[in-house]
Amino acid sequence: SRVRALSPLTEIRPQAVARRHFELMCTTEGHLVQMMMSVRNRAGAVRTIKQISPSASHRSRATEPGRITTMWSLLNAQLALEGGELSEAQQHAELAHDRAALQFDVSLKALASLVLAEVLCSQHGAREALPHVLAAIDSLQKVRYGLPAPTWRRKWMRINARAFELALEVSGQLDDPYLVAETIENIRAQALPTPLSKTPADRESL
């Protein structure tokens with residue numbers, strides 16, 4: 001739940017501020033922006049991004065960690081898409097996609113592909129989006145059995161579900177019954193990488 005998710009953020013953020021740990025502060029703020037967007041608080045999300053994103057600070061973009069600048073590009077793309085600013089959304093999404101390609105974080109690469117696919121689907125149609133959806137699914141499947149901890153497994157499951165949801169939407173828009181059937185079969189074949197020993201909290205979150 002959002003309440004459970006806020007608990008660690010409220011503990012970590014004061015430490016990040018006190019230590020002037022900019023990367024950690026950006027990460028926690030990024031999670032808060034995602035929560036704001038999930039409840040359609042676009043004004044709050046925009047305000048947060050303006051206050052703390054690299055483009056709003058006096059720091060050069062070149063000095064920011066690549067993961068952070070990629071994350072902000074993704075958030076800006078999602079906000080622009082939600083606001084109907086499709087050209088701006090595509091610029092941010094393409095920038096995030098290029099930046100993610102230079103990172104080792106597979107989940108970040110998959111998210112960048114999915115956000116770009118969502119933008120392209122709105123801007124140009126499902127056919128343009130399909131290759132990026134498939135690229136995200138391919139990346140996620142390659143690391144499926146090598147996930148290091150329950151937290152990472154839960155993150156993988158969320159992104160994987162989002163990828164297949166978008167795959168179904170795109171294949172449906174293409175009016176391709178074979179692609180829809182193949183996507184459904186792939187979803188049925190998923191072996192979820194859940195931990196062997198689950199705590200009550202783990203079971204709740206799944």
(message) Exactly one condition in (1) under 14 Å from the mean Cα position of the chain (by Cα); (2) surrounded by fewer than 21 Cβ atoms within 10 Å (Cβ to Cβ) is false for Arg127; which is it?
(response) (1)
(message) Just to be sure I understand the filter: pairs with C-beta atoms under 7 Å, separated by 6 or more residues or on different chains, first member in segment 149-173 and among the charged types (D, E, K, R), second member surrounded by fewer than 18 Cβ atoms within 10 Å (Cβ to Cβ) and outside any helix (DSSP H, G or I). Which pairs pass?
(response) Arg153/Pro193; Arg153/Thr194; Arg153/Pro195; Arg154/Leu206
(message) So for segment 159-169 (the condition being open to solvent by 40 Å² or more (accessible area, probe 1.4 Å) and in a loop (DSSP other than H, G, I, E, B)), does at least one residue qualify?
(response) no
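Being exposed (fewer than 15 other Cβ atoms within 10 Å of the Cβ) and either within 28 Å of Thr28 (Cβ to Cβ) or touching a Cys at 6+ places or on another chain (Cβ under 6 Å) (or both) narrows it down to one of Ala80, Ala101, Ala136, Ala89, so name that one. Don't jump to the end; show me each part of the working.
On the way: Ala80 fails: exposed (fewer than 15 other Cβ atoms within 10 Å of the Cβ); Ala136 fails: exposed (fewer than 15 other Cβ atoms within 10 Å of the Cβ); Ala89 fails: exposed (fewer than 15 other Cβ atoms within 10 Å of the Cβ).
Just a single option satisfies the conditions, and that option is Ala101.
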(request) Could you tell me which numbered condition Ala149 fails, if it satisfies all but one of (1) at pLDDT 85 or above; (2) open to solvent by less than 40 Å² (accessible area, probe 1.4 Å)? (result) (1)
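Is segment 124-147 home to any residue that is of a type in the set (D, E, K, R), assigned to a loop (DSSP other than H, G, I, E, B) and within 18 Å of Leu75 (Cα to Cα)?
No.
If a residue has to be of a type in the set (A, V, I, L, M, F, W, C) and out of contact with any helix residue (DSSP H, G or I) (no Cβ under 7 Å at 6 or more places or on another chain) to count, how many in segment 69-85 make the cut? Full working, then the answer.
The initial filter retains those residues of segment 69-85 that are of a type in the set (A, V, I, L, M, F, W, C), namely 71-72, 74-75, 77, 79-81.
After this cut, where a residue has to be out of contact with any helix residue (DSSP H, G or I) (no Cβ under 7 Å at 6 or more places or on another chain) as well, the list is none.
Matching residues across segment 69-85 total 0.
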(message) What's the number of the only condition in (1) in a loop (DSSP other than H, G, I, E, B); (2) open to solvent by less than 50 Å² (accessible area, probe 1.4 Å) that Met71 fails to meet?
(response) (1)
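The values are calculated or read from the model by the stated rules, or taken from the named source; none is laboratory data. What you see is a predicted model, and the numbers here were worked out from it, not measured in a lab. Here Cβ is always computed from backbone atoms with ideal geometry, including for glycine, and neighbour counts include all displayed protein chains. Just so you know, the surface numbers come from the protein's heavy atoms only, side chains and all, with ligands and any DNA or RNA stripped out. Shrake-Rupley method; radii C 1.70, N 1.55, O 1.52, S 1.80 Å.
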